[in-house]
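S.K.: One structure is given below, represented as structure tokens, and several questions about it will come after.
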Amino acid sequence: MNTHDLFSKPTRPQECAILIAPPLDVNSFEKDVEMAAASIPARDARGDYAFRMVKALPEPDVRKAWDKDGQVVASLCRELISDARSVGVKVYEEASQERLIQVTNERISVVVLVAHWRGSRVCDTDIRLSELWNALTAIQTSSDPFEQRIFNHLQSIVSNTEEIPRASEIADAISAIICMEAGYPPPTPDDDDSFMDAPPRASAIGRVRDRVDKLFPDFLVPGNCLEFRDGYHKASAVADMFPPNWSGVVELAVCHSLYLAEVIKSGRDDRRILTNELAKQPERCIPELCETFLRLSSGDQNYIKLRLEVFAAYSQALSSNYKRRSYMLSKNVHKALERVTTSSSKDFGSRGGVSLSKDFKTIQSNSQSFFYVAAVMCVLIFVLVIYLILKNQNNVTYLTAIYAIGGASLAGLVTLMIKIGKAYVESSVILIIIFNLPKDDVLPALKALRSDKDKPTDTQKSQKQ
């Protein structure tokens, strides 16, 4: 199939295949969590998708994680399975290396992978402490500069303690080493996956993680991988599952899949990879796939063109809905945003967001103080009303006036507290944006937040995929 055919040749549903990797029932979900937490050989590990959902809860609970997130994605996947099979698409619920090889050796021109991308950060459950000394011995005498630096870092951790270091200490150290080797600062302790925030950083760190994983196949559970039901697979291994002469379309319903897309494409003009740079939203992506395959069965349509049409239609619908429900910022927050978003990117960059951050810290501080004052006034009015009621129990006219004045005062103060709380939350969110986004991304993000009083906030009409 040449490049022209990819965009023009009609696609039949029978030429399409979908491989689904997430667990579709609670038992499979629980098994994956067990596999991720168990001290099984590093090469046999899996379950990062489910395990992350459990870890994201304030108090880890497998059943709650399934009910909150796992079941939602599983239900969407089952809808996709039903819709796709009804029009003749081949659907495989247990995505694996063997299954993908089988599919790509058949007459399939469109392959859709619904799966989880495991990031590059090293977790404590990735460490196999029983293999620590073997891992160090394997690279101790290496002449490779990269391997020498890795050995020196790990050796310094081991030599600084009389006992074997905890898995969490080694994991944090290796994550820091990977970042430094890639030319980036180490992640903060409370940042679960800072590696994935920006595609260039994710790609650079991912390539270093691949080198580290190759050094320690038994000591370290691999990262920077695609998770199938049979385990984790590096991008290069996934690309090898496609025959050298295979051409067609691969859609990656996978978070942070730009690096995987580049490896699968391998510079081939006769391979088209549909992907996205950042996190994939199953609540949008999977219904779009359902719509695409249902419409594909209605006539001679090309998959890529149809898929882009569906994506654009969903984007437009979301944009229209957003505009109808436009969120109005608090007055002070709106004014502070207006001052900076009307300036040029150059001016904003030269200040580095410092002036703006001071504005919002002031709003945040004032909001907190005003909130406390209003709360104290509510308590005082309430106490005063109770006192006056008890003192004038037999005077009906006086009691009516007390109820009216006290009720109106409390209602006004509660309304004011809600507005103050709103300004506090908005300023907190904007401060998070200022201090955590890359400098070049801060101004566009703030412009997207700003909402003029007479018209709703403009929003992007399309989302890069």
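S.K.: Within a Cβ distance under 14 Å of residue 136, other residues only, what is the Lys/Arg minus Asp/Glu net charge?
M.R.: -1
S.K.: What is the Cα convex hull volume of region 18-132 when expressed per residue in Å³?
M.R.: 118
S.K.: Order the peptides 248-254, 214-220 from the highest to the lowest mean number of other Cβ atoms within 10 Å of their residues. If you can, show how the numbers build up before the last one.
M.R.: Working: 248-254: 23.1, 214-220: 18.3.
In decreasing order of mean packing, 248-254, 214-220 become 248-254, 214-220.
S.K.: How would you rank 154, 129, going from fewest to most other Cβ atoms within 10 Å of each one's own Cβ?
M.R.: Working: 154 21, 129 14.
Ranking 154, 129 by Cβ neighbours within 10 Å, fewest first, gives 129, 154.
S.K.: Taking +1 at the Cβ of each Lys and Arg and -1 at the Cβ of each Asp and Glu, which of 40, 13, 27 sits farthest along the dipole of region 9-59 towards its positive end, judged by Cα position relative to the Cα centre?
M.R.: 13
S.K.: Radius of gyration and Dmax for region 201-294's Cα atoms, expressed in Å?
M.R.: 14.6, 46
S.K.: Now a separate question. Rounded to the nearest 0.05, what FRET efficiency do residue 391 and residue 368 have when you use their Cβ-Cβ distance and R0 = 41 Å? Walk me through the numbers on the way to the answer.
M.R.: Working: r = 35 Å, r/R0 = 0.86.
It comes to 0.70.
S.K.: Pop out the ³J(HN,Hα) list for region 152-157 in order, Karplus 6.51 cos²θ - 1.76 cosθ + 1.60 with θ = phi - 60°, rounded to Hz; leave Gly and Pro as x.
M.R.: Result, rounded to whole Hz: 4, 5, 5, 4, 5, 5.
Taken together, the values in this text are just the output of simple stated rules run on the coordinates, not laboratory data. Note that the coordinates shown come from a computational prediction; the quantities given were computed from them, not determined experimentally. In this analysis, Cβ positions are derived from the backbone assuming ideal geometry, glycine residues included, and neighbour counts consider all displayed protein chains.
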